[in-house]
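Since the structure comes first, as C-alpha cells, the remarks are kept for the end.
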Amino acid sequence: MKFRWCVIGAGGIADRRVMPAMLKEKGFELVALCDRMPEKAERLGAKYAVKFYTDEETMLRENPCDGVYIASPVALHLPQALTALRYGCNVLLEKPIAMNAEEGERLAAAFRREKKTLSVGYMMKFHNLHAMAKKMIRDGEIGRVGTVRFFFACWYPDLAGAWRQEKALGGGGSVMDLGVHCIELAEFLLGEEITEAKGYLATRTFSYEVEDTGAFLFRTAGGVIGSVETGFNVPDACASRLEIYGSEGSVICEGTLGQEEKGKLTLLRAPQGEYDAMQTRGVVKSERYYGAGGDLFRKELRRFAQRVREKAFDEESERAVRVQRIVDGIYNEKR
C-alpha cells in the first residue's frame, strides 16, 4: 500500500522540492494539496494532477492520508499542525518548528500524547558529506573538536508579499531561516546539545523589518565553541562554508549548506605532538570528497514514512524545540 500525502502550503519549497520528491518515490502518493491563495491552489492542483483546496480542514476531512507536509508561513505552523493532529494525521513540518519554543513545546507534547509522528524539515543532516563529517568526528579522525564555524547566506532582496520578510509571519530573518539549520546541524554533527548562545542582528542592505545579517556564538554541553554567520544579503554564488577544527586536523565543507547534495569536503589530518615555536605551516596531504548528487528531500520523506510505519514519535522534533529556544534567546537579548 502506498504512503499517502497531503500538502498544506503548496507553493515555495513544497513546489520546488518536496512535491517533486514525493512523485519520484514509487511508494508515495500525493492525494491532495492546499494553499490559501485560490489561483495558486488551482494552478498547482493542475500541475500535479491532484485535488486542490484553499481550506486545510476541508482537505483533511475529505482525504484520509498517512502524512501531512506543512510548508506554510511559520505563524501558521502551530494551528495547522494541531488541525492535522485532530484528524489523526502524522506531520512533517517545515523548519523552524514554530514562532517560538513555547509553541514548539505545545506541538511536541500534543503529538507525543496522541502517539503520532511529528518531524521537522531539517534535511541537511541527510547530505552524504555531513554524514561523513559526523563519522569522522565520531571516529576521532581530527582529534578532539574545539571549534566549529558556519557561514550560510543567500540573496533575498525586498520582495512584495514575501512572508519571510515580515516578523509577524516568519518570526525573524536570516537567523530564523538559515541559522536554525546551522544550530540543528551542529548538534547532529557533534552529538552534543548547545547550551548557550549570544548574537547580534542587523538590517544592513534591505529595507524589510527582519534582519538581513546575523551572527552568534554558541557553546555545547561538552565545551565546543562555535560561531554562525548568516545573511540574506550575499550573492548566491558565494558558497556556504562549514569548518570543524580538532586537535589533530580539520574538516572543511564548502557549498554543502543548501537544498542540494552538492559541494566538497576536505579532510586534513595533521597530528602534531611536540610544540613548534616557529609554527611551520608545511604542506600536508589532504583527502577530498564530493556531494553525491542525491535528493535531500526524498531522503527526508523516506525517513518520515519509516517513522510513521514504526508508529514512533520522532525525538528529533524535540531537538527542533531546543533549536527554537536558542534562537528565542538570540532575539530576546538586550543589545
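The values are calculated or read from the model by the stated rules, or taken from the named source; none is laboratory data. None of the values given here were measured: they were computed from a predicted structure. Cβ placement follows ideal geometry from the backbone for every residue including glycine, while neighbour counts extend to all protein chains displayed. Side chains are part of the model used for accessible areas, which takes the heavy atoms of the whole protein and leaves out ligands, DNA and RNA. Shrake-Rupley method; radii C 1.70, N 1.55, O 1.52, S 1.80 Å.
Is it the case that some residue within region 190-208 is out of contact with any strand residue (DSSP E or B) (no Cβ under 9 Å at 6 or more places or on another chain), outside any loop (DSSP other than H, G, I, E, B), within 27 Å of residue 253 (Cα to Cα) and open to solvent by 30 Å² or more (accessible area, probe 1.4 Å)? The answer is no; no qualifying residue exists.
Among the residues making up region 209-236, those that are surrounded by fewer than 19 Cβ atoms within 10 Å (Cβ to Cβ), in a loop (DSSP other than H, G, I, E, B) and more than 19 Å from the chain's Cα centre (by Cα) are 209, 221, 222, 223, 235. Screening residue 267 against (1) touching a residue at least 24 places away in the same chain (Cβ under 8 Å); (2) in a loop (DSSP other than H, G, I, E, B) leaves a single unmet condition, (2).
Only one of the listed residues (60, 78) is surrounded by 18 or more Cβ atoms within 10 Å (Cβ to Cβ), touching a Cys at 6+ places or on another chain (Cβ under 8 Å) and without any contact (Cβ under 8 Å) to a residue 60 or more places away in the chain. That residue is 60. Residue 31 fulfils the conditions (1) surrounded by fewer than 16 Cβ atoms within 10 Å (Cβ to Cβ); (2) hydrophobic (A, V, I, L, M, F, W, C); (3) in contact with a Cys (Cβ under 7 Å, 6 or more places away or on another chain) except for a single criterion, (1).
Within the option set 46, 110, 84, being of a type in the set (A, V, I, L, M, F, W, C), farther than 30 Å from residue 255 by Cα, free of Cβ contacts under 8 Å to residues at least 40 places away in the same chain and open to solvent by less than 10 Å² (accessible area, probe 1.4 Å) holds for one residue only, 110. Pairs meeting the criteria (first residue in region 271-289 and of a type in the set (A, V, I, L, M, F, W, C), second residue in a loop (DSSP other than H, G, I, E, B), beta carbons under 9 Å, at least 6 apart or on different chains) are 284/270. Within region 10-43, the set of residues being part of a helix (DSSP H, G or I) and either free of Cβ contacts under 8 Å to residues at least 12 places away in the same chain or out of contact with any helix residue (DSSP H, G or I) (no Cβ under 7 Å at 6 or more places or on another chain) (or both) comprises 12, 13, 14, 16, 20, 23, 38, 39, 40, 41, 42, 43. When the test is whether a residue is in contact with a Lys or Arg (Cβ under 9 Å, 6 or more places away or on another chain) and either open to solvent by less than 60 Å² (accessible area, probe 1.4 Å) or in a loop (DSSP other than H, G, I, E, B) (or both), residue 329 passes it.
Restricting to region 83-95, count the residues that are within 23 Å of residue 297 (Cα to Cα) and either among the aromatic types (Phe, Trp, Tyr) or not in a loop (DSSP other than H, G, I, E, B) (or both). Residues in region 83-95 being within 23 Å of residue 297 (Cα to Cα) and either among the aromatic types (Phe, Trp, Tyr) or not in a loop (DSSP other than H, G, I, E, B) (or both): 6 in total.
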